[in-house]
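Engineer: One structure, pasted below without further comment.
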Amino acid sequence: MSTETAGAPPRARVTDRSRSEERLAWRLVAPAVVVMLAVTAYPILRALYLSLFQYRATAPDDREFLGIDNYVTVLTDPLWWRDVWNTVLIMVVTVGVELVIGFAFAYVMWKIIFARGLIRTSILIPYGIITVVSAFAWQFAFSLNNGFVNGWLPFMDSDFNWFGQHWSAMTAIMVSEIWKTTPFMALLLLAGLSQVSGDMVEAAQVDGASWWQRLYKVILPNMRAAIMVAVLFRALDAFRIFDNIYVMTRGAQNTESVSFLTYRQVIEQFELGLGSALSVLLFLSVLLIAFVLVKLFRVDLAAARRES
Amino acid sequence: MTAVREVLTRAGLIAFGALFAVPYALILTASFRPSESVARAPLDIFGGGWSLGNYRAVLADNDVLGFYVNSVIVTTAIVAAEVVLGAAAAIALGHLRPAGGRVVGALVVATISVPIQAIAVTNYLTIDRLDLVNTRLGLIVPFAASAFGIYLMTEYAAAVPASQLDSARVFGLGPLSRIRHIVLPHMRPGIVAFAAFAFVGWWNEFFWPFIVLQGPELATVPFSIQTYIVNPGGLPDWGPMMAAGALALLPLMILLVLVQRSFVRMFAFSS
C-alpha cells in the first residue's frame, strides 16, 4: 500500500489526497445536514402538504383533502389581514425606532474613550433580560391601577387605560419590544461602525465637512452592510413577535400578531390543516421580507457607488 | 460653538441611555422589595425596605431551583449541539470545500430565516409521534443544528489565510492536523461568540417550551415565570418574579462580560 502511494506520480497523489479530503468534508457536514433536513426542511414540506387538508387534532381520522381551500379561507379572512397589518406595523415601527436610537448608542460607544468594556456590557443588560420578564415589567408600568407611565407623562390622564384600546395597547407592546432589543441593535451597529476608518472621518472633518455631512457621506455609506444585517436580523425577529403580546395583552384589543394567530389556531383550536396553511404563509412572508430588504439595500448600494 | 453642541448632544445621549436604564433599575430594586409594596408604589424604590427575602424565597423553593437546572440543561445541550454540528459543517464548507459544497451552503443560508412558529406545528406532530412531548429531548432535538451558526462559522473557517495553509501543506500536515492546529484556532472567536449568542437566545426561549411542556417538572425559566410565578388571580407576585428574573440574568451577564469583545467582532464579520 505504502509503496504503491510512494510510486504513484505526484499528480495522482494529489487527487488521492483531495479525494480523501472530500470524503472527510462530507462526513463532517453530514450530521448537520441530516438534522437540518429533519427539523427544518421536512417540517416545511409537511406543513405544505398538511395545509391542503381539513385536519383537526381532535379528529385525526376525518382528514379530508381540500386543495387550496385553507389558503382561500385564510386569505379572505379579515382577521388574517388585520394580524398581518399589526405584525408589519410592529416590525416597521420597532425596527425604525431601534435603528435611530441604536445608532445613537452605537455612536456614543464608538466615540467614548473611557470604560468601554463596562459601557458595552451594561448596554447589553436589557438584551440579556428574559422577554417574558421585561414584558411583565412593562405591563406593570403601563397598568391602570398601579402603573406609573401615566404619572410620568404630563399630557396623559391619570386614569387612561393603555390596554383599553387598540392603539395604546400596541404602543405599550412596541415600547417593551424597543426597550428590550435596542441594545442588541446598537451592538450590531457598533460592529459596523468599528469598520469605518477613523482617518477617513478625520480627513472629512479637516476638509470642513459638518457633523451631518460626515455622517451621511462618510460614516453611513461605509457601514451599509452592517446596517443591512442589523435590519434583516431584527426585522425577521420582530415579525415573529409572540412573547410580549402573549404576556401583555393575550391578543386583546386586536393586538394579535401572525405568530399568535398560528398559535391560537393550532394549540387552542386544534386546526392542524388551517394552522399549517398559516405556517406556510408565515414562512413565505418572512422570505418576502428578507427578499425585499436585500433588494432595497442592493439598490441603495448601487446608488451610493454611482454617487461616489 | 461646535464643541458646545457636541457636548450637549453627548449629554443628551447619555441622559437617554439613563432613561433606558431606569426600567432595569426598577426591576432590580423590585427584586429586593416586598411584593405588596412594589404593587402599591412601584417607584418608591426603597419602599417596604430592602431584603434578600425574595431571593431566599425563590432559592428555597425547590421548584424554582429545578426550573434553573432545567434551563441550564436544555440551553447547554442545544448550544453544544449547535456548536459541534455547526463547527464540523463549517470546517467542511469553509475550509475543505468539497465539490457541491456551495449548494449545501446555499441551502443552509436559505433556511436561516425560517421562523420557529412556521415549523412548530409539524415539528410538534413529529415530536408527538416519537413520544417526546413533555421531555427534555423534545425541547432540544428540533434545534440541534443552527443555519445561522453554520453560516457564521463557515465565514470564519474560510478566512484562514491561504499562506498559512500552504506552508502547513508544505510541512506535510494532513487535513486533520491542519484543522486542529490552524483552522480551529482561527475559528475560535467565532465559535465563542456564536455560542454566547445562541445561549442568550435559547435561555430566553418561551414559545417552544410553552408548546411542548405539559407540567412544571421540566419547565424552563421563561416558561415557569409565565406559568407558575403568576398568582392564580392573574396578578404576578412581583418581588419573587423580579428576583427570579434577576437571577436568570446573572449567568448571561457573566457570559457577556467574558465574550463581549468577540461578540462585537462577530457581527462585524457576519456582514
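Engineer: Roughly what would the spin-label model give for B:Ala99 and A:Ile119, points 7 Å off Cα along C-beta, in nm?
Structural biologist: With each label point 7 Å from Cα toward Cβ, the separation is 5.5 nm.
Engineer: Rounded, prolate or oblate, given the Cα gyration tensor of region A:69-304, with a/c below 1.5 counting as rounded?
Structural biologist: Judged from the Cα gyration tensor, region A:69-304 comes out oblate (a/c at least 1.5, b/c at or above a/b).
Engineer: Moving on to the next point. Just counting partner chain Cβ atoms within 10 Å, what average do the residues of peptide A:165-176 show around their Cβ?
Structural biologist: 0
Engineer: Calculate the spin-label point distance for A:Asp199 paired with B:Leu59, positioning each point 7 Å from the Cα along the beta-carbon direction, and give it in nanometres.
Structural biologist: Between B:Leu59 and A:Asp199, the simple spin-label model gives 5.4 nm.
Engineer: Next question. Whole-Hz Karplus ³J(HN,Hα) for region A:59-67, in order, using 6.51 cos²θ - 1.76 cosθ + 1.60 and θ = phi - 60°, x for Gly and Pro?
Structural biologist: In residue order, the calculated couplings are 9, x, 7, 8, 5, 9, 6, 10, x Hz.
Engineer: With labels modelled as points extended 7 Å from the Cα through the Cβ direction, what inter-label distance (nm, one decimal) is found for B:Ala41 paired with A:Arg19?
Structural biologist: Calculated label separation equals 8.3 nm.
Engineer: A further question follows. Across bins of 10 angstrom width beginning at 0, how are the C-alpha pair distances of the protein assembly as shown distributed, in whole percent?
Structural biologist: Bins of 10 Å from zero give 3, 15, 25, 26, 18, 9, 3, 1, 0, 0 percent of pairs.
Engineer: Sticking with this structure for a sec: For region A:114-182, what does the relative contact order come out to in percent, with C-alpha contacts under 8 Å and a separation of six or more?
Structural biologist: Details: 43 pairs, mean separation 22.7, N = 69.
Result for region A:114-182 is 33 percent.
Engineer: Which residues among region A:166-182 fall inside the zone where the amide N is under 20 Å from a point 7 Å beyond the Cα of A:Asn254, along Cα→Cβ?
Structural biologist: Only A:166-175 fall inside the zone, counting backbone N under 20 Å.
Engineer: Using 1/(1 + (r/R0)^6) with R0 = 25 angstrom and r between the beta carbons of A:Gln165 and A:Trp81, what's the FRET efficiency to the nearest 0.05?
Structural biologist: The formula returns an efficiency of 0.80 here.
Engineer: Here's a follow-up. At q = 0.11 Å⁻¹, work out log10 I(q)/I(0) for chain B with the Debye formula, treating every Cα as an identical point scatterer and leaving solvent out; two decimals please.
Structural biologist: With one equal scatterer per Cα and no solvent, log10 I(q)/I(0) is -0.81.
Engineer: OK, next. Hey, if we sort B:His186, B:His181, A:His166 by accessible area with the 1.4 Å probe, largest down, what's the order?
Structural biologist: Ranked from most to least accessible, the order is B:His181, B:His186, A:His166.
Engineer: Heavy-atom accessible area of A:Glu22 with all protein chains present, probe 1.4 Å, nearest 10 Å²?
Structural biologist: In the full protein context, A:Glu22 sits at about 70 Å².
Engineer: In deg cm²/dmol, rounded to 500, what helix-only [θ] at 222 nm does chain B give when every DSSP H run of at least 4 residues adds -39500 (n - 2.57) and the total is split over its residues?
Structural biologist: -23000 deg cm²/dmol
Engineer: Name the most mobile residue of B:Ile140, B:Ile182, B:Ile127, meaning the one with the largest mean-square fluctuation, in a Gaussian network model of chain B with Cα contacts below 10 Å.
Structural biologist: Among B:Ile140, B:Ile182, B:Ile127, the largest mean-square fluctuation in the Gaussian network model of chain B belongs to B:Ile182.
Engineer: Next question. Among the aspartates and glutamates, which fall within straight-line cross-link reach of A:Lys217, defined as a Cα-Cα distance under 17 Å, with same-chain neighbours fewer than 8 residues apart omitted?
Structural biologist: Within the straight-line limit of under 17 Å, A:Lys217 reaches these aspartates and glutamates: A:Asp199, A:Glu202, A:Asp207, A:Asp300, A:Glu307.
Engineer: Tell me, what is the percent relative contact order of chain A, built from C-alpha pairs under 8 Å that lie six or more residues apart?
Structural biologist: On the way: 306 pairs, mean separation 83.1, N = 308.
Rounded, it is 27 percent for chain A.
Engineer: Here's a follow-up. So how do A:Phe155, B:Phe20 rank on accessible area, 1.4 Å probe, biggest first, that is with the largest at the start?
Structural biologist: A:Phe155, B:Phe20
Engineer: Shape verdict for region A:80-195, please, from the Cα gyration tensor: rounded (a/c under 1.5), prolate (a/b greater than b/c) or oblate. Could the numbers behind the result be given before it?
Structural biologist: Numbers: a/c = 2.40, a/b = 1.63, b/c = 1.47.
It comes out prolate by the Cα gyration axes.
Engineer: Connecting C-alpha atoms closer than 10 Å in a GNM of chain A, tell me which of A:Val35, A:Val108, A:Val88 has the biggest fluctuation.
Structural biologist: Of A:Val35, A:Val108, A:Val88, the most mobile in the Gaussian network model is A:Val35.
Engineer: Which value, in Å² rounded to 10, gives the accessible area of A:Leu99 with a 1.4 Å probe and all protein chains present?
Structural biologist: Surface accessible to solvent at A:Leu99 totals approximately 50 Å².
Engineer: Ok, one more. For chain B, what relative contact order do you get, as a whole percent, if you take Cα pairs closer than 8 Å and at least 6 residues apart?
Structural biologist: The normalised contact order for chain B reaches 29 percent.
Engineer: Tell me whether region A:167-308 comes out rounded, prolate or oblate; compute the Cα gyration tensor, take square roots of the eigenvalues as a ≥ b ≥ c, and use a/c under 1.5 as the rounded threshold.
Structural biologist: prolate
Engineer: Further, regarding this structure: Compare B:Leu125, B:Leu258 by solvent-accessible area with a 1.4 Å probe and give them largest first, with all protein chains kept in place.
Structural biologist: From most exposed to least exposed: B:Leu258, B:Leu125.
The values are calculated or read from the model by the stated rules, or taken from the named source; none is laboratory data. Here the structure is a predicted model, which means the values were calculated and not measured. For neighbour counting, all protein chains shown are included, and Cβ atoms are generated from backbone atoms with ideal geometry for every residue, glycine included. All accessible areas refer to the heavy atoms of the entire protein, side chains included, with ligands and DNA or RNA removed. Shrake-Rupley method; radii C 1.70, N 1.55, O 1.52, S 1.80 Å.
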